[in-house]
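Structure first, then comments.
The values are calculated or read from the model by the stated rules, or taken from the named source; none is laboratory data. Keep in mind it's a predicted model, so treat the numbers as computed, not measured. Every residue, glycine as well, gets a Cβ built from its backbone with ideal geometry; the counts of neighbours run over all protein chains shown.
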Amino acid sequence: MYLFYRQEKSLFLLAISALLLTACGGGGGGEGGGNRPEPEVWLISTQFIVDGGPGKDGIPALQNPAFESATTISTVDPDDLVIALRSEGQVKVYPHDVMMYHEIINDGPDDAPFTMSYCPLTGSGVAWLGDLDHADPTFGVSGLLYNSNLLLYDRETGSHWSQMLQKSVRGPRIREIPTSVQLIETTFSTITAMYPDAIVMTRDTGWGRSYDDYPYGDYLTSQDLLFDVSQQNNSLPRKQLAIGIYNGENAKVYQLSGFGAQTQTIHDQFASQSIVVVGNTALNFAAIYDRELSDGTILSFTPIQGDLPNVMTDTEGNVWDVFGVAVSGPRAGTQLASTKSYTAMWFAWAAFFNQTEIYFSRS
Amino acid sequence: MKKLLITLSLAGALTLSTSPSIAQTCSCASVPILGSMQLAAPNDGQWFLGSTYEFHDISELVAGSSTIPDQTGRDRTSQAVIFEASRGINEKWSVSALLSAVDHERQIDDDRAQASGLGDAVIMVKYSPKSISLYSKTALSFGLGGRVPVGEDDARRLGVPLAEDMQPSTGAYGGTVWAYWAQALNDSKGARIYASASHTQNGENDRNYQFGDETTLVFGGAYQTQTPWGFNLELLYRNTDRDRRSSVEIPNTGGTWLDIAPAVQYHVTESVALKLAAKIPVSRNLNDELQFTTKYAFRLSLSYVFGGNSPEG
């Protein structure tokens, strides 16, 4: 009986050992699963970097998506929010509802590729040019967030890039700053009123996503954040959208709700820059440009009503469109210098920049 | 007669695999890696030792209740080894202790994240006013348990903590109440039906993350043949609340699952038994949101009963 007992006990222990080896073989720790250790130098505080859950490329970036004429596309409603840019003279429109599920679009011709990114949690849309010095200039979704905002990674070196800082914050390309592309964020009805010949990214992405469904519950209407951020400021409602300009630790924001029903231009000074902010609350667009031209001239602008896409004129008689291009006048063809600006939710501006000023109209 | 008693004891113990689930849900899915423990209720003076290996494939992308193609090349698995020791204090009271070792892996194309280590520990006290015996065809048990986060909950990659569903331990205390009922269907007690219900409340961990509270219901049937082979079939219902971070509900978590779990067991000796069980989804409703969830799971259990009324003692 005792021998039988010992045999059973040995059998039991042997089996347990086998189970342990099966389950935990090669295990231990976290840290990238047996690959060589990756450098952990970040320009940003790791305290506010989080793994969002889906993992690297768990949210699939799109590559050269399909487009359809704005006049024929049926999946975009007039009030839907979109992001637009001009590439080789063609205005391309990217609906928010598709961007929600992909966050990054690698697009553009081979000789001028660009990466459009949209973070659903901070409401920020940014685009920058691909660096042709790199064989693969495309980006993917890292699965990490910093201050609740998208961290991209570049597919050639694996470096991480902060969307709202527009800078590489980890990896071989650390501290690199990409060349940004001017975007206009507005409604589909406004962009098609401005550019009826625009083309619109379709839902034929090859990915079976329910683009009609907003994937983050009541996030847009709630004041709650899903992830901790480094600092908070309750001067505005957290999710209120504002266009802003930044430089280093400083930022200045202009509430999209503050422009009124008529197009308005605001001459302002930010750091050492003379800027013009042009916007229209009813039409739901805003943009910030440098008023100083390359020859040192500082222009003064007045808004134009009812002549979209032209939104302002200047004292020299030039007419400027929403992308900051002079479409007529002595400087026709001139492009106003872009600024480090984009639209994002207020909490994100406050979290990213230590000194964030809010513009309030003197009137 | 002695053999019949042993058989009854083992069958009772192994049938109790339908015991409380201590959920470790996923921020993007909702996966109970410790969802099926063998918290048996041993007889007076009897010991139950168990070891279970669990494997979960969590690669299925579900929008609400519809499976949709993921196409990201994702391979997300969780494995766990669960050790359990239970001891019958007297005819009605018993205590169980459990320790888990967990391995999570997430591979998307050639990018692999992995974390392994000790998971959570569970201690449960059970009261069994009725047990199936020569004189009774009904079993009834109630349990009260607590989860202790003894394991690794700060696995990192690139210096950044992995998502909560990738941590071996929940990092939080929790409590479970559990009830179990079984009814033998024949005089030999070889056939029985059973049901169990449990509710688990989860606390908040150091990162202010709280896995959703969970309720489970199980209905099953077991049949022990006159040979060493026995069979189980269970229907498992599970509902979890959304996870919370800093008290804020997280979208894409929580939901309701209905699974079917067939199992087969084999008595290697009179005291040692092996059990193989699978879990196959029947339906789920993941709060009408997009979540990765379990495609299938299986577990292999080894149990050893001695002491008390068993002859080996």
- Here are B:Pro228, B:Pro251: which of them is more than 19 Å from B:Val282 (Cα to Cα), more than 17 Å from the chain's Cα centre (by Cα) and either at pLDDT 95 or above or acidic (Asp, Glu) (or both)? B:Pro228
- Can you name the number of the only condition in (1) at negative phi; (2) more than 14 Å from chain A (Cβ to nearest Cβ); (3) assigned to a loop (DSSP other than H, G, I, E, B) that B:Gly151 fails? (2)
- Note on the structure: Among (1) more than 21 Å from the chain's Cα centre (by Cα); (2) closer than 25 Å to B:Gln46 by Cβ; (3) at pLDDT below 95, B:Arg192 falls short only on (1)
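Residues are listed down the side, and each one gets a yes or a no for (1) farther than 25 Å from A:Leu225 by Cβ; (2) surrounded by 14 or more Cβ atoms within 10 Å (Cβ to Cβ); (3) hydrophobic (A, V, I, L, M, F, W, C):
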| residue | (1), (2), (3) |
| --- | --- |
| A:Glu40 | yes, no, no |
| A:Phe48 | no, yes, yes |
| A:Gly53 | no, yes, no |
| A:Ala70 | yes, yes, yes |
| A:Thr75 | yes, yes, no |
- Consider B:Thr170 carefully, then state whether it is more than 10 Å from chain A (Cβ to nearest Cβ), within 22 Å of A:Leu145 (Cβ to Cβ) and under 23 Å from the mean Cα position of the chain (by Cα). yes
- Query: B:Leu274 fails exactly one of the following numbered conditions: (1) within 25 Å of B:Thr176 (Cβ to Cβ); (2) part of a strand (DSSP E or B). What is the number of that condition?
  - Reply: (1)
- In region A:231-248, anything out of contact with any strand residue (DSSP E or B) (no Cβ under 6 Å at 6 or more places or on another chain) and either without any contact (Cβ under 8 Å) to a residue 60 or more places away in the chain or closer than 14 Å to A:Leu165 by Cα (or both) is listed as A:Asn234, A:Tyr246, A:Asn247, A:Gly248
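Does at least one position in region B:131-143 carry a residue that is part of a loop (DSSP other than H, G, I, E, B), charged (D, E, K, R) and free of Cβ contacts under 8 Å to residues at least 60 places away in the same chain?
Yes, region B:131-143 contains a residue that is part of a loop (DSSP other than H, G, I, E, B), charged (D, E, K, R) and free of Cβ contacts under 8 Å to residues at least 60 places away in the same chain.
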- Query: For region A:202-248, what are the residues that are under 26 Å from A:Pro60 (Cα atoms) and of a type in the set (Phe, Trp, Tyr)?
  - Reply: A:Trp207, A:Tyr211, A:Tyr214, A:Tyr216, A:Tyr219, A:Phe227
- Filtering region B:253-289 down to residues that are farther than 20 Å from B:Thr215 by Cβ and within 10 Å of another protein chain (Cβ to nearest Cβ) yields B:Val268, B:Thr269, B:Glu270, B:Ser271, B:Val272, B:Leu274
- Message: Go through (1) in contact (Cβ under 8 Å) with a residue 60 or more places away in the chain; (2) of a type outside the set (D, E, K, R); (3) touching a Lys or Arg at 6+ places or on another chain (Cβ under 8 Å) for A:Leu293 and report which single condition fails.
- Response: (1)
- Message: Condition (residue is within 11 Å of chain A (Cβ to nearest Cβ) and modelled with pLDDT of 50 or more) applied to region B:21-31: is it met by at least one residue?
- Response: no
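Let's see how each residue does on (1) in contact (Cβ under 8 Å) with a residue 24 or more places away in the chain; (2) surrounded by fewer than 18 Cβ atoms within 10 Å (Cβ to Cβ); (3) hydroxyl-bearing (Ser, Thr, Tyr):
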| position | (1), (2), (3) |
| --- | --- |
| B:Thr52 | yes, no, yes |
| B:Pro69 | no, yes, no |
| B:Glu84 | yes, no, no |
| B:Gly88 | yes, no, no |
| B:Glu91 | yes, yes, no |
| B:Asp111 | no, no, no |
| B:Ser116 | yes, no, yes |
